[in-house]
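Below you'll find the structure, written out as structure tokens, and then a few comments.
FYI, it's all coordinate maths here, none of it is from the lab. Worth saying up front: this structure is predicted, and the values here are computed from it rather than measured. Here the Cβ positions follow ideal geometry from the backbone for every residue, glycine too, while neighbour counts run over all protein chains shown.
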Amino acid sequence: MKRKLLTAPSLGCCDLFEMEKQVKFIDRHADFLHIDIKDGNYVRSFSIGPDFMKYMKNVVKTPMDAHLMVKHPQNFLEMCAEAGAAYITPHTDCIESDAFVTINKIKSLGCKAGVALNPAAPLESIIYYLPLLDKVTIMIVDAGYAGQKVITQMYDKIRALVKLREEMKLEFLIEADGSMNGDVYAPLYEAGVDVVVLGPPALWNKNADIEKAWSIMEQEIEAAVK
């Protein structure tokens, strides 16, 4: 049976004037809801936060993934869990000194634990706590900078992660995030990615009507994985 490429639209990209319509549509069709939380420190921009998730908690049924693009993710764990996060995903370079404490805290809060690796971060940095993880996000561009070209070496990084998962007999999801568009679905799928994070180029920029934009995106994925 052909493996499905799962989708995780980034809700912070929704049109503010069409927010209700877009969120309800995406909730019915997506596999995950990606929530980028930025502090203006780890990355130079700000975004939606736990308060947004808390409101969404009573509206959506699709699992929310809190992607913590923040310098001190430990300060956000309880807030994200209380706001209804199914997954909490900090960046590896922000938990180097307390990775096991952070991951175990996420799990103790009833959430699934993920980590995100920037392109320069080696897989070796997570190998000891890989068995604790439910998801690994491979950034295919540097976090926090819009308009970048995909760093194609990340396809090899994904292949290496897939091999590690097989060798260690683990079942975590492998997600790709950054500059997503129709031309990268095929190489990501072939490399072994399970989930793709959808931003404006992948979804919202396709058409002003979210239903038409979704249809175009789906056609691009279907063409890539056939």
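Look at (1) in contact with a Gly (Cβ under 6 Å, 6 or more places away or on another chain); (2) surrounded by 20 or more Cβ atoms within 10 Å (Cβ to Cβ) and you find that Ile48 fails only one, number (2). Residues that are surrounded by fewer than 18 Cβ atoms within 10 Å (Cβ to Cβ), in contact (Cβ under 8 Å) with a residue 40 or more places away in the chain and under 23 Å from Leu33 (Cα atoms): does region 157-179 have at least one? No - not one qualifying residue is present in region 157-179.
Filtering region 100-141 to residues that are surrounded by fewer than 17 Cβ atoms within 10 Å (Cβ to Cβ) and either touching a Pro at 6+ places or on another chain (Cβ under 6 Å) or more than 23 Å from Ala160 (Cβ to Cβ) (or both) leaves Val101, Asn104, Lys107, Ser108, Leu109, Gly110. Across region 206-226, what is the total count of residues that are surrounded by fewer than 19 Cβ atoms within 10 Å (Cβ to Cβ), under 15 Å from Gln22 (Cα atoms) and within 19 Å of the chain's Cα centre (by Cα)? Going through region 206-226 one residue at a time, the tally reaches 0. Pairs are defined by a Cβ separation below 6 Å, a sequence spacing of at least 6 or placement on different chains, a first member in region 181-199 that is on the phi > 0 side of the Ramachandran plot, and a second member that is assigned to a helix (DSSP H, G or I) and crowded, with 19+ Cβ neighbours inside 10 Å; the pairs so defined are Gly192/Ile158.
Taking every residue in region 86-98 that is over 15 Å from Leu123 (Cα atoms) and pairing it with any residue that is in a strand (DSSP E or B) and acidic (Asp, Glu), at least 6 positions away or on another chain, the pairs with Cβ-Cβ distances below 8 Å are Ala86/Asp65; Tyr87/Asp65; Ile88/Asp65; Thr89/Asp65.
Kindly list the number of the only condition in (1) part of a loop (DSSP other than H, G, I, E, B); (2) out of contact with any Phe, Trp or Tyr (no Cβ under 7 Å at 6 or more places or on another chain); (3) farther than 15 Å from Met19 by Cα; (4) of a type outside the set (Lys, Arg) that fails for Thr62. All conditions pass for Thr62, except number (2). Taking Gly147, is it free of Cβ contacts under 8 Å to residues at least 60 places away in the same chain, of a type in the set (Gly, Ala, Ser) and either part of a loop (DSSP other than H, G, I, E, B) or in contact with a Ser or Thr (Cβ under 8 Å, 6 or more places away or on another chain) (or both)? When the stated conditions are applied, Gly147 passes them. Take Glu190 and decide whether it is among the charged types (D, E, K, R), closer than 25 Å to Asp15 by Cβ and part of a helix (DSSP H, G or I). No; evaluated as a whole, the condition is false for this residue. Of the residues making up region 7-42, those that are surrounded by fewer than 14 Cβ atoms within 10 Å (Cβ to Cβ), among the charged types (D, E, K, R) and without any contact (Cβ under 8 Å) to a residue 60 or more places away in the chain are Glu20, Lys24, Arg28.
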